[in-house]
Amino acid sequence: MDIKVVATNPIDGQKPGTSGLRKKTRVFMEPHYLENFVQSVFEAIGGAAGKTFVVGGDGRYFNAEAIQTILRMAAANGAERVIAGRGGLLSTPAASHLIRKNGTDGGLILSASHNPGGIDEDFGLKFNIPNGGPAPEGVTEAIFEATKTISQYVTVETPDADLERIGNQKIGGMILTIVDPVADYKALMKELFDFEAIRALIASGFRVRFDAMHAITGPYAKAILEGALGAPEGSAINAVPSVDFGGGHPDPNPAWAKELMAELMSDDGPDFGAASDGDGDRNMILGRNFYVSPSDSLAVLTANAHLAPGYAKGIAGVARSMPTSAAADRVAADLGIECFETPTGWKFFGNLLDAGRATICGEESFGTGSNHVREKDGLWAVLLWLNILASRKCSVAELVQDHWKKYGRNYYSRHDFEALPKDAATALMDRVTGQLSSLAGQTVAGLTVEAADSFAYEDPIDGSKSSNQGLRIRFTNGARAVFRLSGTGTEGATLRLYIEQLETDPGKLDQDVQTALAPVIAAAHEISGISQLNRSGPDVIT
Ligand code: VG1
Ligand code: CO
């Protein structure tokens, strides 16, 4: 094997964000950009020699080329084996499962998730550790440090590997094993859920529509929903992955999954609707004429998970990211299980899952998952919902409304202000930060502030600390507003305002969400001086 040593220089800004390194595709395609980052990953984990990795991505533009580069570099760095999905495809949860199942040393996942794909859109790469989860901050910091001092990387000169051929081939001294991207994942889902009950529900006429948004979950949904569960052909729509996701945002929310929303928000729509994102780790759940907020979804799944065979023994605990509503907290209190509040990003759930303290985790950003892998998992959430509905024999709306009656309803919304000038976004965060110590006791827009702080987290398992994870303002009426800057964008800055208000009055559970939250929104706007952004309103409301 001829190893080629290539001289290079550090490239600025290769700092992983909430979920890996995300940049414009053209940036990733610049000479040495991808190579520098990949070599830095190997350096940060003590080298690749003798190790086994999983490699796969969501199929977006540059996925296949980037995989060939990674394979050559893994071979040159002495890796023993790489397991890759056929065609270079793997959903993020399927990659997490393969990392765990094969006892590998980690994996490289190519995706910018819900961000659009294409030569003028976004690309991303992240490293997952041997537990199958996203690298924790200690590791991402080591990777970033390595990118700052890199002077060379190694590769081999070989023809492209055949990514379509299932089985083993050699790249230099390394074995490349190409696997069916769906098979192992499907087997795992069969272990967790009562496929017979879901099959019977669908056979009884319960109509399911799943929107893969031209992204990675198409083949998974076809094989599982239509194949194993008997949903009629065409139940999975937009199910052929394309490099630019059909020109859309593969982001499963009401703003981007318009086609699905239109179909479900009608009296003769399907009984159940769902969508997933670019890399298959997010989910949106809909019923006929009914939208389930992701925070509610987490709470409903926590309350009902025991109805699925994989969770029949009950769950040990639930974890949610800080901006996610507190709906799950009250379920945890009712069940007498632990409840954790973590910073945004799935990497913070890893230790809790490994330690068996949390079984189910979720984020307000359409992410839910469990200890079956170490990533959030879109299709898993869909199947757990279907399993619960099959068992409870009710509609999506009935299930959620019953839930509200029992626990109250956390009215919840997220307002995103995208592609802001960085200094304007920072100035807003600074303005709020400047008031944190004096807000308590003040009345703003008719609401009195109870407490305000900048969220900091200490991992209960390994004691690692993370600060500046979002600005929280709690009001005396139980409402809450949170300000955070996104760590996944590739253009300017994105401000996220998260608003929440608990309602326990049984007569007030059916209000319009934005109307119910209007007083808190007004207070949050006043405190932050949001009008100085000169935006007429949020770009996306979820
Ligand atoms: C967003 C979400 C966060 C999620 C992250 C990765 O991050 O808010 O909850 O974990 O995306 O999701 P941010 O920093 O932009 O708010 V995925 O599906 O894009 O990997
Ligand atoms: Co994603």
note = In Å, the Kirkwood hydrodynamic radius from C-alpha pairs for the chain sits at 23.7
query = When the label point is put 7 Å from the Cα of Glu450 along its Cα-to-beta-carbon vector, which residues of the range 496-513 have a backbone N closer than 14 Å?
reply = 500-504
key: Value of relative contact order over the range 3-181, rounded to a whole percent, pairs C-alpha under 8 Å and six or more apart   = 35
request  = Quantify, in whole percent, the carbon and sulfur part of the accessible surface of the range 1-110 (1.4 Å probe; protein heavy atoms only).
outcome  = 46
query = With all protein chains present, how much of the accessible area of the range 409-541 (probe radius 1.4 Å) comes from carbon and sulfur, to the nearest whole percent?
reply = 47
ask   = Carbon and sulfur atoms: what percent of the 1.4 Å accessible area of the range 287-350 do they account for?
value = 52
message = Taking the 0 to 90 degree range and rounding to the nearest ten, how far is the long axis of helix 33-44 tilted relative to the main principal axis of the chain, both from C-alpha atoms?
response = 90
task = Estimate the FRET efficiency between Asp184 and Ala424 by the formula 1/(1 + (r/R0)^6), using the beta-carbon distance for r and 45 Å for R0, to the nearest 0.05.
result = 0.45
task = Mind putting a number on the dipole of the range 3-181 about its Cα centre? Charges go on the C-beta only, +1 for Lys and Arg and -1 for Asp and Glu, and I need it in Debye to the nearest 20.
result = 260
query = What accessible area per residue comes out for the range 409-541, rounded to a whole number of Å², with a 1.4 Å probe?
reply = 46
remark   = Set Lys51/Lys101; Lys405/Lys508; Lys15/Lys422; Lys376/Lys508, cut-off 21 Å on Cα-Cα distance; pairs above it are Lys376/Lys508
remark   = Relative to the chain, whose Cα atoms define the longest principal axis, helix 137-149 and its Cα axis are tilted in degrees, nearest 10, by 50
request  = Would you mind getting the accessible area per residue of the range 185-407, heavy atoms of the protein chains only, 1.4 Å probe, in Å²?
outcome  = 31
inquiry  = Need one number: the % of Cα-Cα pairs in the range 3-181 sitting beyond the 27 Å mark.
reply    = 15
task = List the relative contact order of the range 185-407 as a percent without decimals, with contacts defined as Cα pairs under 8 Å and 6+ residues apart.
result = 20
message = Taking the square root of 5 times each eigenvalue of the Cα gyration tensor, what semi-axes in Å does the equivalent ellipsoid of the range 185-407 have, largest first?
response = 25, 19, 17
Of the GluC sites (Glu not before Pro) in the range 201-284, those whose Cβ has at most 14 other Cβ within 10 Å and which sit in DSSP loop = Glu233
request  = Tell me what the chain gives for mean residue ellipticity at 222 nm when only DSSP H runs of n ≥ 4 count, each as -39,500 (n - 2.57), the sum divided by the residue total, rounded to 500 deg cm²/dmol.
outcome  = -9500 deg cm²/dmol
remark   = Ordering His306, His525 by the accessible surface of their heavy atoms, 1.4 Å probe, largest first, yields His306, His525
message = Given an 8 Å cut-off on Cα distances and at least 6 residues of separation, report the relative contact order of the range 150-198 as a percent.
response = 22
message = Given Cβ point charges of +1 (Lys, Arg) and -1 (Asp, Glu) and nothing else, what value in debye, to the nearest 20, does the dipole of the chain about its Cα centre take?
response = 580
inquiry  = I need the shape label for the range 37-96. Rule: rounded when a/c is under 1.5, else prolate if a/b > b/c, else oblate, with a, b, c from the alpha carbon gyration tensor.
reply    = prolate
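The values are calculated or read from the model by the stated rules, or taken from the named source; none is laboratory data. Just so you know, these numbers come straight off a predicted model, no measurement behind them. Reconstructed Cβ throughout: ideal geometry from the backbone, glycine too, with neighbour counts over all protein chains shown. With ligands, DNA and RNA removed, areas are computed over all heavy atoms of the protein, side chains included. Shrake-Rupley method; radii C 1.70, N 1.55, O 1.52, S 1.80 Å.
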